[in-house]
Amino acid sequence: MNAGDIARLAGVGRAAVSNWRRRHEDFPRPVSGTASSPLFSLPEVTGWLRANGKSFEISLGDLVWQRMRTSVDDLRLGELVARVGAFLLFLSREPADWRDHGVKSLTRAAEVTTDLPGPPDLRLEDLALVRLVAELASERGPLEAFEFLCERYVEAHSRQLSVTRDDVAALMVRLAAGSGGVVLDPACGVGTLLLGANAVARRRTLLAGQEIGGTSALITAVRLLLRGAPARVVAGDSLREDGLAGEAADAVVCDPPFNERVWGHDELAGDPRWEYGLPPRGESELAWVQHCLAHVRPGGLVAILMPAAAAGRRPGKRIRGNLLRAGALRAVVTLAPGGPDLWMLRRPDGGRPPSRLLVVDAADDLSVVEPAWRAYLENPDAEPRGHGRTVRIIDLLDDEVDLTPARHRPQQVGPDFVRDFTDALDRFRATSATLPDATPALEPLSGRQDLPTTTVGELAKAGLITILQAPSRMSADEGPLPVLTADDTAAGASPSGRTVLDPALVMIRPGDVVTSVLGAVRVITQSGAALGPQLTLYRVDPQRLDSAFLAGFLRSADGTRVHAGSSRLDVRRTRVPMLPLADQRLYGTAFRELFELEDRLRATRTLGETLIRLGFDGLVDGHLRPCDHGA
């Protein structure tokens, strides 16, 4: 269980859990997870809470979830969630069968759920888990039970799963698919956008989706079918293997993967979907735009999220220009600083194309988008109220075809600027006020503590550390095996790369310390992935050396310094104190607290950047003035 689970269990906030970890030496140590998102043992946590007189309550849902977490490793957790979902769909359709025959009725489960993508694997070998899930379904209903498990799954894999923000998803659905009909999502993930379409449509909606991962596709299908929605979800790569070919939707909503280099550029060079031009190899997002347009009927709408850079990158200017000339691209909306952007498109139906493009800089206030879009649909030539404005398409068709909203926003800030600035200031103050709670439990010394030290290289010679590196050549972006990349290491994320099986690969293990050439350091908590390029692995002898202790000194200034005459980090020269294992673990705890503080600072920085942008805009446009601190 993670810190959020503990907080829910004890009925406190996450900050209280962080305080317990810092102030109580006997608080249970993490058993897996990452430095920024550790996982704890449920029996150990409940034992500590009971011993310290803190009340708690374990719900049936928590018992089911913890049983699932301990049944498989994290890399297979999604598969188990999907199989449990298929079982819950069976329970919702054949409650009497389960009531009369119990686990024996599972032999009919596959024939009752044939509308799920692929052959549903309902082999839940843990019969105790099966009975717990059935009990949870009896208590909450199959739909609510599965949504509870999906919420826990997404929370546990927040860095691995790409899930559209709820407010963004709701906005996209309202703009493009509010009237119902056939709604399609070719990169449906775990179904967020399709669920939104099912919830807000004003008439009966047929939902169609495709997702490259069979696990996510199955989860999406279960979520929709448990709601009684008419749905068809298929698994597969939408660009390479369009499982919905021939489907003409009334609306398409899509949050595709960004910045993919291997998306099928060569084999799809002559694809008829590229009506507006062959997408450059580095512009996979423009392939998704045209794929969505190919799946919507003439006059139908497309709402697709795009990286901010896609509005101005030079290789994509030809396609952007063709989309504008044809009247297909209707609006570009910046949803937040740095992206993503929302592109609204309409498939040409033979009528006169509009002469103007709507650009909106929402500046974190999504409420300004829908009124501007509705006004634009009524009269594309009129200037919308609020934050949006229209730009003549002929003025955009220059050598750059740069559609970035910030470049075309009005000179004056919007009428709600004062409210926006005040809200940003309040959020920044509230977030930054939590930073003192994240400070590590360290105490200053009257003088420098001189400890005997050695180097990482010497520790390796003595057998306390084994240093390993990935093979120089690795098949990237394909294959069944997860790969931990340098970016994953820097962000503390789950392995995002893929490769094929190879005896030369270095497989990571819990307790390994991984460093990148740029100084990122991470203690590994899960197995099952290969070490990626530009990474070095330090495997310690746990009986003599603490992993977090070593990671902290590798992360230190001395450890990340590039030595003269070398362009790479000479980590072998890093000096490490020679301490007993118990003392090493004390240092390791302090280093983990520093890693957590680093995560909080990253979140504060994001809010600070918003405040800075509004501050500059307000001073320049006359909506703010400097305070006279001497008055």
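Values in this text are rule-based calculations from the coordinates and carry no lab data. These figures come from a predicted structure and were not determined experimentally. Glycine gets a Cβ as well: all are built from the backbone with ideal geometry, and neighbour counts include every protein chain shown.
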For LEU464, what is the net charge nearby, where nearby means another residue's Cβ is under 11 Å from its Cβ and Lys, Arg count +1, Asp, Glu -1?
-> 0
Please state the Cα pair-distance histogram of region 59-160 with 10 angstrom bins from zero: what percent is in each bin?
-> 15, 52, 30, 3, 0
Counting Lys and Arg as +1 and Asp and Glu as -1 over every other residue whose Cβ sits under 12 Å from the Cβ of ILE508, the net charge comes to +1
Beyond 17 Å, what share of the Cα-Cα pairs of region 294-374 is found? Please give it as a whole percent.
-> 48 percent
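Please report the antiparallel percentage of the DSSP beta bridges confined to the chain, to the nearest 5.
Bridges in the chain that DSSP calls antiparallel: roughly 60 percent.
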Highest first, please rank the peptides 335-344, 82-91, 428-437 by the mean number of other Cβ atoms sitting within 10 Å of their residues.
-> 82-91, 335-344, 428-437
Working note, region 170-277: Cα radius of gyration (Å, one decimal) and Dmax (Å, whole number) are 14.0, 42
Show that you can apply the helix-only estimate: for the chain, add -39,500 (n - 2.57) for every DSSP H stretch of four or more residues, divide by all residues, and state [θ] at 222 nm to the nearest 500.
-> -12000 deg cm²/dmol
Arrange the peptides 460-466, 289-295, 136-142 so that the one whose residues have, on average, the most other Cβ atoms within 10 Å appears first.
-> 289-295, 136-142, 460-466
Would you be so kind as to identify which of PRO471, GLY492, SER446 lies farthest towards the positive end of the dipole of region 446-498, taking Lys and Arg as +1 and Asp and Glu as -1 on Cβ and the Cα centre as origin?
-> SER446
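Region 17-94: which GluC sites (Glu not before Pro) are DSSP loop and have at most 15 other beta-carbon atoms within 10 angstrom? Write out the running numbers ahead of the final one.
Values: sites: GLU25, GLU44, GLU57, GLU79; in loops: GLU25, GLU57.
Passing sites in region 17-94 are GLU25, GLU57.
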Using 7 Å Cα-to-Cβ label points, what is the SER432/SER355 separation (nm, one decimal)?
-> 4.8 nm
Calculate the dipole size of the chain relative to its Cα centre from +1 charges on Lys and Arg beta carbons and -1 charges on Asp and Glu beta carbons; express the result in debye to the nearest 20.
-> 360 debye
Cβ-placed point charges (K, R +1; D, E -1), dipole of region 91-141 about Cα centre in debye, nearest 20 | 80 debye
In region 166-411, what percentage of the DSSP-assigned beta bridges are antiparallel, given to the nearest 5?
-> 45 percent
From zero up to wherever the largest Cα-Cα distance of region 1-99 sits, split into 10 Å bins and tell me the percent of pairs in each.
-> 13, 41, 27, 14, 5, 0
Which of the GluC sites (Glu not before Pro) across region 218-271 are loop residues per DSSP, with 15 or fewer other Cβ within 10 Å?
-> GLU241, GLU267
Report the residues of region 44-61 in range of a label on GLU135: point 7 Å along Cα→C-beta, backbone N strictly under 17 Å from it.
-> 57-61
Shape parameters for region 1-58, alpha-carbon atoms, Rg then Dmax in Å = 10.2, 28
For region 166-411, would you read off the P(r) tail past 26 Å as a percentage of all alpha carbon pairs?
-> 34 percent
Give a residue-ordered list of calculated ³J(HN,Hα) values for region 498-504 (Karplus: 6.51 cos²θ - 1.76 cosθ + 1.60, θ = phi - 60°; whole Hz; x for Gly, Pro).
-> 9, 7, 9, 5, 7, x, 7
Please work out, to two decimal places, the log10 of the ratio I(q)/I(0) at q = 0.06, 0.09, 0.11 Å⁻¹ from a Debye calculation in which every Cα of the chain carries one identical scatterer.
-> -0.39, -0.90, -1.29
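Which of the helices in the chain meet the span-like rule: DSSP H, Cα axial reach of 27 Å or more, Kyte-Doolittle mean at least -0.5?
Helices passing the filter in the chain: 581-621.
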Radius of gyration and Dmax for region 316-449's Cα atoms, expressed in Å?
-> 21.4, 80
What percent do you get for the relative contact order of region 1-158 when only Cα pairs under 8 Å and 6+ apart count?
-> 21 percent
What is the local net charge at ASP365, summed over the other residues whose Cβ is closer than 9 Å to its Cβ (Lys, Arg +1; Asp, Glu -1)?
-> -3
